[in-house]
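Q: Once you've had a glance at the structure underneath, I'll fire off some questions.
The values are calculated or read from the model by the stated rules, or taken from the named source; none is laboratory data. Quick caveat, the model's predicted, so the values are computed rather than measured. Neighbour counts are summed over all protein chains in view; Cβ atoms, including those assigned to glycine, are modelled from backbone coordinates with ideal geometry.
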Amino acid sequence: MRCKSTLSIFLSAVITASAAPAKASLASSVSTEGRLYTDEYSRTALSWPYSRASVHFQGSSWVTAVLEDSGFDTHNLPAAISFSAGTVRDYEAEREGGLLKLTLRNLDPARAWTAVMTKVDESDDGEVLLHRFEIHEHGSFLDALPLVATDRKLEVIGDSIAVGYGNLGNLEDRTMSDICFPHGCGGKPCQITDASQSFAALVGNQLQAAVHVTAWSASGMTNAHFGAVPTIPNVGEFYEWYDGKRRGPAYDFDAFTPQVIVQAAGLNDFRVSKPAPDIHVWSSVYIQFLKKLTVLYPGVRIIMLQYPASALQAIAGHESELWLDTPAQYAQYDSYMRQTSAAAQAAGLSNIVYHKLDEGTGSEVRQHGCVGHPSIAGHKAMAVELIHLLQQLMGWDHVPHHHPSVSA
């Protein structure tokens, strides 16, 4: 585990209990999931979407996640961090001595609990630096429960759609100004994205597979459209990082060995004003990335995922929210994906499976969230199709998702 028992000693001079004398978590009571690393101050850094940490305990009516105070707006914390134990989801936030404490209360001390903290926003929207979990001194930490019930491992690589960007909006019953571009948020958190409701997270939860979501909004294979914005990395660049801001070490590819990868990046290279990249350049970059993944993870199956045309059509009254401006741009994307799939097979990459989401799924995805992105309903539709595909491809049968680490 990444959380170390020495943390309580390191900060003992500045920590006071929020409700009663506290006991700090040990590594054996904490489970994690995602591209995490431990920095020089023994803090666990959660940067990528849907990165998670959980703690298992009993005998305490409260649990606190102790974080570095990285400048998060406490009013808007739900837009960055989810923290829950069973059905208890509303947490208190307080600042203290350079730390940020998130506390869940009114837990039944007579039972065991698993509290789960999840980073629910973008890769580069601020790190979550976890020092430890705390409970009442009369409580006890239990051996960690895994966050999933199997040894299945899935990675989803992509852009804002894979992140889940804008999935809390729904243009069919809410206006853009109310949800997607709030003005002061009316006293409510300015939250439009929940990475735990992305298609990647939904697939992982349903199949009880550990999931790494390695995705970055606006990124593409070559970033043809976004070349003038150097702060946006392309897929090959961000795949090397532990942390969205490159503050951590280079990623250790031995830390997580996916059995299957959904490679969903590439759509952004065909967006709006600039011409699409040369097919030979784009296809070469794509295939080199597939080869890299194949070498890094021998035996891995890789799904080249293509979004359907129906998913990118505008809802009446919201034509300005088209993700691609013209049918010709989608035609280029479609053609490049098909040609690259054939080239990958010709190059001997027999582990590659090309899959274009069904147009019927695309019609469901078109229940747009914010700025032409899928709503939660759309992500659920994509997840259903991908679950069927993974069941066929990997033999991953359905596993009841009411696992103790989630429901307790």
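Q: Just to be sure, is Ser217 under 30 Å from Gly59 (Cβ atoms) and either modelled with pLDDT of 90 or more or part of a loop (DSSP other than H, G, I, E, B) (or both)?
A: Details: under 30 Å from Gly59 (Cβ atoms): no; either modelled with pLDDT of 90 or more or part of a loop (DSSP other than H, G, I, E, B) (or both): yes.
Judged against the criteria, Ser217 is not a match.
Q: Same structure, new question: In region 189-208, what residues are assigned to a helix (DSSP H, G or I), closer than 22 Å to Val371 by Cα and touching a Phe, Trp or Tyr at 6+ places or on another chain (Cβ under 8 Å)? Steps first, answer last, please.
A: Kept after step one, since they are assigned to a helix (DSSP H, G or I), are these residues of region 189-208: 195-197, 199-207.
Restricting the remaining residues to those that are closer than 22 Å to Val371 by Cα gives 195-197, 199-202.
Answer for region 189-208, where residues must be assigned to a helix (DSSP H, G or I), closer than 22 Å to Val371 by Cα and touching a Phe, Trp or Tyr at 6+ places or on another chain (Cβ under 8 Å): Ala195, Ser196, Ala200, Ala201.
Q: Same structure again: Could you list, in sequence order, the residues of region 124-159 that are out of contact with any strand residue (DSSP E or B) (no Cβ under 7 Å at 6 or more places or on another chain) and within 20 Å of Leu77 (Cα to Cα)?
A: Asp124, Asp125, Gly126
Q: Okay, moving on. Just the residues that are of a type outside the set (Phe, Trp, Tyr) and assigned to a strand (DSSP E or B), please, taken from region 82-100. Working first, answer last.
A: To start, the set of residues in region 82-100 that are of a type outside the set (Phe, Trp, Tyr) comprises 82, 84-90, 92-100.
Across region 82-100, the qualifying residues are Ser82, Ser84, Ala85, Val88, Glu92, Ala93, Glu94, Arg95, Glu96, Leu99, Leu100.
Q: Only one of these conditions is not met by Gly97: (1) touching a helix residue (DSSP H, G or I) at 6+ places or on another chain (Cβ under 7 Å); (2) surrounded by fewer than 23 Cβ atoms within 10 Å (Cβ to Cβ). Which number is it?
A: All conditions are met except number (1).
Q: Might you check whether a residue that is out of contact with any strand residue (DSSP E or B) (no Cβ under 8 Å at 6 or more places or on another chain) and either surrounded by 22 or more Cβ atoms within 10 Å (Cβ to Cβ) or modelled with pLDDT of 75 or more (or both) occurs anywhere in region 180-190? Spell out how you get there, then give the answer.
A: Looking only at region 180-190, we keep the residues that are out of contact with any strand residue (DSSP E or B) (no Cβ under 8 Å at 6 or more places or on another chain), and these are 180-190.
Of the ones still in play, those that are also either surrounded by 22 or more Cβ atoms within 10 Å (Cβ to Cβ) or modelled with pLDDT of 75 or more (or both) are none.
No, there is no match, as no residue in region 180-190 is out of contact with any strand residue (DSSP E or B) (no Cβ under 8 Å at 6 or more places or on another chain) and either surrounded by 22 or more Cβ atoms within 10 Å (Cβ to Cβ) or modelled with pLDDT of 75 or more (or both).
Q: When the residues of region 138-152 are narrowed to those that are of a type in the set (Gly, Ala, Ser) and surrounded by fewer than 19 Cβ atoms within 10 Å (Cβ to Cβ), which ends up farthest from the chain's Cα centre (by Cα)?
A: Filtering region 138-152 down to residues of a type in the set (Gly, Ala, Ser) leaves 139-140, 144, 149.
Subset that is surrounded by fewer than 19 Cβ atoms within 10 Å (Cβ to Cβ): 140, 149.
Values: Ser140: 30, Ala149: 19 Å.
The qualifying residue farthest from the chain's Cα centre (by Cα) is Ser140.
Q: Here are some conditions: (1) in a loop (DSSP other than H, G, I, E, B); (2) over 21 Å from the mean Cα position of the chain (by Cα); (3) among the polar types (S, T, N, Q). Thr103 meets all but one. Which one does it not meet?
A: (1)
Q: Right, next: May I ask you to verify whether Ala110 is farther than 30 Å from Gly158 by Cα and either free of Cβ contacts under 8 Å to residues at least 60 places away in the same chain or assigned to a strand (DSSP E or B) (or both)? Can you show your working first?
A: Values: farther than 30 Å from Gly158 by Cα: yes; either free of Cβ contacts under 8 Å to residues at least 60 places away in the same chain or assigned to a strand (DSSP E or B) (or both): yes.
Yes: the conditions hold for Ala110.
Q: Kindly evaluate Asp69 against the criterion of being within 30 Å of Gln206 (Cβ to Cβ) and either among the polar types (S, T, N, Q) or not assigned by TED's automatic domain parsing to the domain that holds Tyr165 (or both).
A: Working: within 30 Å of Gln206 (Cβ to Cβ): no; either among the polar types (S, T, N, Q) or not assigned by TED's automatic domain parsing to the domain that holds Tyr165 (or both): yes.
For Asp69, the condition - within 30 Å of Gln206 (Cβ to Cβ) and either among the polar types (S, T, N, Q) or not assigned by TED's automatic domain parsing to the domain that holds Tyr165 (or both) - is not met.
Q: Continuing with this model, one more query. Checking the condition in contact (Cβ under 8 Å) with a residue 60 or more places away in the chain, in contact with a Ser or Thr (Cβ under 6 Å, 6 or more places away or on another chain), not in a strand (DSSP E or B) and not aromatic (Phe, Trp, Tyr), which residue from Ala144, Ala162, Ala149 passes? If you could, list the steps in order and put the result at the bottom.
A: On the way: Ala162 fails: in contact with a Ser or Thr (Cβ under 6 Å, 6 or more places away or on another chain); Ala149 fails: in contact with a Ser or Thr (Cβ under 6 Å, 6 or more places away or on another chain).
Of the residues listed, the single one that is in contact (Cβ under 8 Å) with a residue 60 or more places away in the chain, in contact with a Ser or Thr (Cβ under 6 Å, 6 or more places away or on another chain), not in a strand (DSSP E or B) and not aromatic (Phe, Trp, Tyr) is Ala144.
Q: Counting only residues that are among the basic types (Lys, Arg) and in contact with a helix residue (DSSP H, G or I) (Cβ under 7 Å, 6 or more places away or on another chain), how many does region 150-167 have? Working first, answer last.
A: In the first step, residues of region 150-167 are kept if they are among the basic types (Lys, Arg); the result is 152-153.
Checking which are in contact with a helix residue (DSSP H, G or I) (Cβ under 7 Å, 6 or more places away or on another chain) leaves us with 152.
The qualifying residues number 1.
Q: So Val285 clears everything in (1) modelled with pLDDT under 95; (2) surrounded by 15 or more Cβ atoms within 10 Å (Cβ to Cβ); (3) within 22 Å of Tyr330 (Cβ to Cβ) except one condition, right? Which one?
A: In the conditions (1) modelled with pLDDT under 95; (2) surrounded by 15 or more Cβ atoms within 10 Å (Cβ to Cβ); (3) within 22 Å of Tyr330 (Cβ to Cβ), Val285 misses (1) alone.
Q: Of the residues that sit in region 239-252 and are at pLDDT 90 or above and surrounded by 15 or more Cβ atoms within 10 Å (Cβ to Cβ), which one is farthest from Lys356 (Cα to Cα)?
A: Applying the first criterion (at pLDDT 90 or above) to region 239-252 yields 239-240, 251-252.
Now restrict to residues that are surrounded by 15 or more Cβ atoms within 10 Å (Cβ to Cβ): 239, 251.
Numbers: Tyr239: 23, Tyr251: 30 Å.
The selected residue is Tyr251.
Q: Also: Condition test on Val300, is it modelled with pLDDT under 85, in the same structural domain as Ala346 (by TED's automatic domain parsing) and either over 16 Å from Asp159 (Cα atoms) or of a type outside the set (Asp, Glu) (or both)?
A: no
Q: On the basis of being closer than 14 Å to Glu134 by Cβ and aromatic (Phe, Trp, Tyr), does Tyr91 make the cut? It would help to see each step written out before you state the result.
A: Working: closer than 14 Å to Glu134 by Cβ: yes; aromatic (Phe, Trp, Tyr): yes.
Taking the combined requirement at face value, the residue satisfies it.
Q: May I pose another question? With respect to Phe72, determine if the residue is at pLDDT 95 or above and not acidic (Asp, Glu). Quick ask: steps written out before the conclusion?
A: On the way: at pLDDT 95 or above: no; not acidic (Asp, Glu): yes.
Answer is no for this residue.
Q: Is it the case that some residue within region 382-394 is in a loop (DSSP other than H, G, I, E, B), surrounded by 15 or more Cβ atoms within 10 Å (Cβ to Cβ) and assigned by TED's automatic domain parsing to the domain that holds Leu202?
A: So in region 382-394, the residues in a loop (DSSP other than H, G, I, E, B) come out as none.
No, region 382-394 contains no residue that is in a loop (DSSP other than H, G, I, E, B), surrounded by 15 or more Cβ atoms within 10 Å (Cβ to Cβ) and assigned by TED's automatic domain parsing to the domain that holds Leu202.
Q: Within the set of pairs 6 or more residues apart or between chains, which connect a residue that is assigned by TED's automatic domain parsing to the domain that holds Ala309 and within 16 Å of His388 (Cβ to Cβ) inside region 357-369 to a residue that is assigned to a loop (DSSP other than H, G, I, E, B) and modelled with pLDDT under 70 with Cβ atoms less than 9 Å apart?
A: Gly362/Gln313
Q: Next question, about the same structure. Exactly one of these conditions fails for Ala65: (1) closer than 15 Å to Phe133 by Cα; (2) surrounded by fewer than 21 Cβ atoms within 10 Å (Cβ to Cβ); (3) not β-branched (Val, Ile, Thr). Give me its number.
A: (2)
Q: Of the conditions (1) within 21 Å of Gly204 (Cβ to Cβ); (2) modelled with pLDDT of 90 or more; (3) out of contact with any Lys or Arg (no Cβ under 9 Å at 6 or more places or on another chain), Thr118 clears all except one; give me its number.
A: Looking at each condition in turn, Thr118 falls short on (3).
Q: So which of Tyr330, Tyr354 ends up being within 20 Å of Ser219 (Cβ to Cβ), surrounded by 14 or more Cβ atoms within 10 Å (Cβ to Cβ) and either in the same structural domain as Gln197 (by TED's automatic domain parsing) or at pLDDT 75 or above (or both)? I'd like the intermediate steps shown before the answer.
A: Details: Tyr354 fails: within 20 Å of Ser219 (Cβ to Cβ).
Residue meeting the stated conditions: Tyr330.
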